[in-house]
Amino acid sequence: MPELIGPVFVADGPEQLLPEDRRLQAADPLLWQLVFMGETGLDISSFSERSEAESALAALKADQYGEGGGILVRAGDVIAENLFLKHMRQEDYVEYLQRATESVAPASAEVHDAAAMEEVVTTAKDRLRQLTKLAPEIAKLRAEYESKTLSEPQVIRGRPSEALIEFANLFPQYVRLGGCTRP
C-alpha cells in the first residue's frame with residue numbers, strides 16, 4: 001500500500017547555546033566575558049580577572065578569511081574590542097552573548113507531542129485536499145488502465161501531469177514513470 005501522507009517534520013523548540021554551567025558563568029555580571037570567534041563559530045570564555053580577559057582578547061587573530069577577534073563585556077557593557085570584521089558586526093557578538101545567557105526552558109513532552117500532532121493533522125488535511133482535487137482525474141485514469149489488459153506496468157515518458165504522478169504512486173501495477181527521454 002502506498003504512503004498517503006509521507007514524513008512529517010516538526011521543528012524543535014529553541015535550543016540553549018551553552019551548557020548550563022557555562023551559561024550561568026556567562027550571565028554573571030561580576031565576571032569578564034570574552035565573546036570571540038572560535039574555530040566552530042562564536043563562543044564565550046569567562047574570566048574573574050580583567051588582566052586575563054584583556055590578554056586573551058589581545059591574543060585573538062583573524063582567521064584565513066580575515067574575520068575574527070572578539071569583544072570584552074562586563075555587566076552588559078562592551079569594555080574593549082579586538083575585531084576583524086568582514087561580514088559580521090560588533091552587534092552580532094553582543095547579540096550572541098544575550099542569546100547564550102538566556103535560559104531556555106525545556107518544552108514538556110505534552111507540548112511537543114501536541115505540536116507534533118497538530119503538524120501531522122495539518123499535513124494530512126493538506127494531502128487529502130490535494131488528493132480530493134485530483135480524484136476525478138485519477139478515477140478516469142484508473143478506469144482507462146483497468147480496461148487495458150496489461151501484463152506489466154506501462155512506462156510513461158515525458159512530463160506527467162500531477163494526477164498521473166499520483167496515479168503511478170497509488171496504482172503501480174498500471175503505470176511506471178520512466179523519465180523524459182526515450183530508451
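Structure data summary
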quantity	calculated
Candidates Arg50, Arg22 - the one that is surrounded by fewer than 18 Cβ atoms within 10 Å (Cβ to Cβ), more than 15 Å from Ala100 (Cα to Cα) and of a type in the set (Lys, Arg)	Arg50
Those residues of region 132-183 which are over 16 Å from Leu4 (Cα atoms), of a type in the set (Ser, Thr, Tyr) and under 39 Å from the mean Cα position of the chain (by Cα), in sequence order	Ser161, Tyr174, Thr181
So Leu170, is it surrounded by 11 or more Cβ atoms within 10 Å (Cβ to Cβ) and without any contact (Cβ under 8 Å) to a residue 60 or more places away in the chain	no
Matching residues, region 15-58, being of a type outside the set (A, V, I, L, M, F, W, C) and more than 33 Å from the chain's Cα centre (by Cα)	Ser48, Glu49, Arg50, Ser51, Glu52, Glu54, Ser55
Residue match in region 43-59 (condition: of a type outside the set (Ser, Thr, Tyr) and closer than 30 Å to Ala11 by Cα)	yes
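We did not get these values from a lab; they are worked out from the coordinates using the rules stated. All figures in this text were calculated on a predicted structure; none of them were measured in a lab. Using ideal geometry, Cβ is built from the backbone for each residue, glycine included, and neighbour counts are taken over all protein chains shown.
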